[in-house]
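The values are calculated or read from the model by the stated rules, or taken from the named source; none is laboratory data. It should be emphasised that the depicted structure is a prediction, and the values quoted were computed from it without experimental measurement. Cβ placement follows ideal geometry from the backbone for every residue including glycine, while neighbour counts extend to all protein chains displayed. Heavy atoms of the whole protein, side chains included, go into the accessibility calculation; ligands, DNA and RNA do not. Shrake-Rupley method; radii C 1.70, N 1.55, O 1.52, S 1.80 Å.
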Amino acid sequence: MVHARPSEHLTRLETQADYVAFRAQAQARWKDLWEGSRTVVSVGVGSSSIAKGALDVLDTCRAELGNAAVVREVSGNGAFWMEPWIEIRRPGEPPVVYGPLQAADVTAVFNGERDDLAVGVRNSEPLRNIPSLNEHPFFRDQLQIISRNAGVIEPDSIEDAIARGAYDGYFKVLFEMSAEEAIAEVTAANVRGRGGGGFPAGIKWESGRKARVTPKFVVCNSHEGEPNVYKDRHLHECDPHRILEGILIACVVCGAERGYNYIGGEYPLAIRRFRKAVADAERIGLIGKNILGTGHDIAFRIRTGGGAYICGEASAMMFSVMGVRGQPRTKPPRSVEEGLWKRPTIANNTETLANIPDIIVNGGEWYAGLGTEGSKGTKLMTVQGPLARHGVVEVEMGMTLRKLFDDIYGGMAEGRTFKGVQTGGVSAGPLKDEHLDIPVDFDSLGDVGGMLGSGGWVIFDESVNVVDFARYLTAFNRYESCSKCVPCRLGNPALVEILDRIRFGRGSMDDLTLIQRTSKHIIELSLCGLGQVAPVPLIGMIEHFPEDFEHAVKYGTMTAPPLPLAAD
Amino acid sequence: MAHAESAHAVLPVPAPFTGRQDVDPEVVRELLSHFTFDDYEEAQELILSALQEVNEHFGWVSPEAAQIVAEHLNTTVNRVFGLLTFYADFRTEPRGHHHMLICHGMACYVMGSQALVQEMQGGFGIDDGETTADEQVSIQVVNGCLGVCDLAPVVKLDDEYFGPVTAEELTSLLNRAIGGQRAMREKGVSNGPRPTK
Ligand SMILES: Cc1cc2nc3c(=O)[nH]c(=O)nc-3n(C[C@H](O)[C@H](O)[C@H](O)COP(=O)(O)O)c2cc1C
Ligand code: SF4
Ligand code: FES
């Protein structure tokens, strides 16, 4: 796993002119692919579709269509409900997407005998009786900016990425723009941190650039340990070069000599594709010494996490990179003053950095025109639970949850009734039906106890007992507490204990008061963000579903106590 | 149950599956030979990666392997054990011949993974991270999401994903794994119902 092999045919580009020529070549190759005389078959391969047999489909396409067509391994496109899918572009026709299908269907689909499996025509008008994919409710209301290459490019091909605009922003900060100008664009865009906090990236970068200690580092936080999000992993699988470009731009602009990407260890495909992206970028000289003759030196390192949720917290992540236990520390000093190896370190979430290339290319003003007053741009969202459709989507900030759930995700699955939606992963409370018309951005849900967080929403129906669910969320925080400070280490087990008492029918109304008091201690006295919000989901559940808790206090929710289980 | 499998995993696998591995010190040294460093800081950064490599290769990190990693990267075995016990992905005992992951992420939870966890504990008497008495199956409950939430609740056995899984299906899956018969195909398990458009 340590070394990914770069593509053999790539060579080092020494100058700006070399790069421009290389880009022109990549663009010509891309144009030829889509306008040429060969049939193009693309198979969507991502961790979600592999689980449903996409690799078999790919193997079959290679074996049976390899002579008749160009077979490409692209990434998933976010639409899990149509996986595994293949896309066929026949000469003179726009590309048509077919799914869900299995390896056995491939030949018939290729021969045009299975138009019943067609989902839509990508990026084009309807063809015969096949509708346009953009008109499908799942895609119609999306605004795909950072995910626009998903399912389109081969993630393992740097040429595909470059043909579609990768490294244009990097090129601009290397040759055409000063660091001050670049930061001014990021500040004007007012892009806020996608890792949950919503801190403006422009301000962080400005402090990073001004820091006088050297060397400086940039760390991309791709840990994503929350039990309900996979947007960063999806982005790595779809468009690794976009993330890499964001990190490299940050390095140039802030004067950092080394970039890092810290990826959650559970995502083998994301790690593999990102390693390949770095190997190729190194090979053509976008990383390394004297990049394209500019005199910039930037090194790159990939580090992987070990399955501890707390390592997503920025200071814990840096300890983890330094090879010790990932336990947060008190701030100040902030990481931009004293981070990795006690040097100034700019840490940003993957999605934040993925937004940067477009901001540099199109300008901050363009970006600030998207979204709401306080939250600009788009947001990757994942909605899970008993829904009609599943997947990852990208929507403009300010969409209501109702539109997101009902239109894009197709509403509840058959026979299921909406009860509530858990927001902000394990860091905020649930919302009920009456809250779904609030336009969603970083600030809007606070009043009702919800949170945008990293854009993960988990819908639950009547089959889920909210007291048990609250226990699950609290137990997650108990298990993931790093044990450094007392309120979090002892408070969360205490909450779980009280909840279990209630669930086994031995609770009293005093226990609900005790929950409030214990929670207050944990929230106010904990060292880091985990403890400071750990009881919030529980408090939110009590606030929104008091009758369920009162019922549980009287009758309990369980017939027999479960055996002890660490991760339960 | 929709049966979803990854490529190359469809053929019946000889029983028992060879997921269980003893750690060969020579192989550990070979793995570590890729971990070169220029300075003290870089060596520190590589400890976790090196352990992950060993863990991934053998399914666990033996005390001997921990010692080799410590020596290779100029640190102490105590430090290495501090990491092995902090990060949840590391195992310090060998896995069973089969390895099963039960997804307990939030999407799987709201779709009923709790019942699977209870089945594992109650029906089979195994706790998270443990291995059945006959060393056939080790089970890990994962808090993170396996990334296939549309099949929730999801169970991954070796390289194959199954979902949505009920408690009864988990029982039969485990029984079959314990019996060493992984020829799922013989029962004609199809890909089953799929999510609709
Ligand atoms: C318990 C905890 C877990 C976190 N997990 C993540 C994570 O998985 N990914 C992430 O980008 N940020 C995570 N954060 C937020 C980071 O501390 C940090 O704010 C963020 O990476 C900064 O990047 P941004 O400004 O681009 O959002 C977490 C914070 C806490 C307190
Ligand atoms: S609040 Fe919890 S996770 Fe954060 S430092 Fe304290 S013990 Fe660790
Ligand atoms: S939560 Fe189980 S697969 Fe996503």
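Assorted remarks:
- Semi-axis lengths (Å, descending) of the ellipsoid that matches the C-alpha gyration tensor of the stretch B:25-86: 16, 14, 10
- Heavy-atom accessible surface that A and B bury in contact, both chains counted, 1.4 Å, Å² to 100: 5400 Å²
- With R₀ set to 30 Å, the beta-carbon distance separating B:GLN67 from A:GLU257 gives a calculated FRET efficiency near 0.30.
- Note: the stretch A:201-247, Cα convex hull, 100 Å³ per residue.
- The per residue volume of the convex hull around the alpha-carbon atoms of the stretch A:311-354 is 68 Å³.
- Length released on extending from A:ASN134 to A:LEU370, taking residue separation times 0.36 nm less the Cα-Cα span: 83.0 nm
- Rg/Rg_globular for the stretch A:25-67, with Rg_globular taken as 2.2 N^0.38 Å and Rg from C-alpha atoms: 1.43
- For B:ASN175 and A:THR513, a Förster radius of 45 Å and the Cβ-Cβ distance give a FRET efficiency of 0.45, rounded to the nearest 0.05.
- Calculated Rg and Dmax of the stretch A:37-139 using C-alpha coordinates, Å: 12.4, 36
- Were the residues from A:ALA24 through A:ASP115 laid out at 0.36 nm apart, the gain over their Cα-Cα distance would be 29.1 nm.
- Bridge type composition, the stretch A:29-92 - antiparallel percent by DSSP, nearest 5: 40 percent
- In chain A, the DSSP-assigned H stretches of four residues or longer account for a calculated mean residue ellipticity at 222 nm of -11500 deg cm²/dmol, using -39500 (n - 2.57) per stretch and the full residue count as denominator.
- DSSP beta bridges in chain A [antiparallel fraction, %, rounded to 5]: 50 percent
- Backbone amide hydrogens, once placed in the peptide plane, bring B:ARG91 within less than 5 Å of B:VAL61, excluding anything fewer than 5 places away on its chain.
- Averaging 1/r across all pairs of distinct Cα atoms in the protein assembly as shown and inverting the result yields a Kirkwood radius of 26.8 Å.
- With Cα atoms, 0 to 90° folded angle of helix A:179-189 axis to chain A main axis: 60 degrees
- Heavy atoms of B:ASP159 accessible to a 1.4 Å probe, total area in Å² rounded to 10: 90 Å²
- Rounded to 5, percent antiparallel among DSSP beta bridges of the stretch A:1-149: 60 percent
- With the convex hull of its Cα atoms as the shape, the stretch A:466-567 has an orientation-averaged projected area of 5.7 nm².
- Chain A, relative contact order [Cα under 8 Å, separation at least 6], %: 13 percent
- Distant alpha-carbon pairs in the stretch A:378-461 (separation over 19 angstrom), percent: 26 percent
- Diffusion coefficient (Stokes-Einstein, Kirkwood radius over C-alpha pairs, 20 °C, 1.002 mPa s) for the stretch B:14-157: 129 µm²/s, rounded to a whole number.
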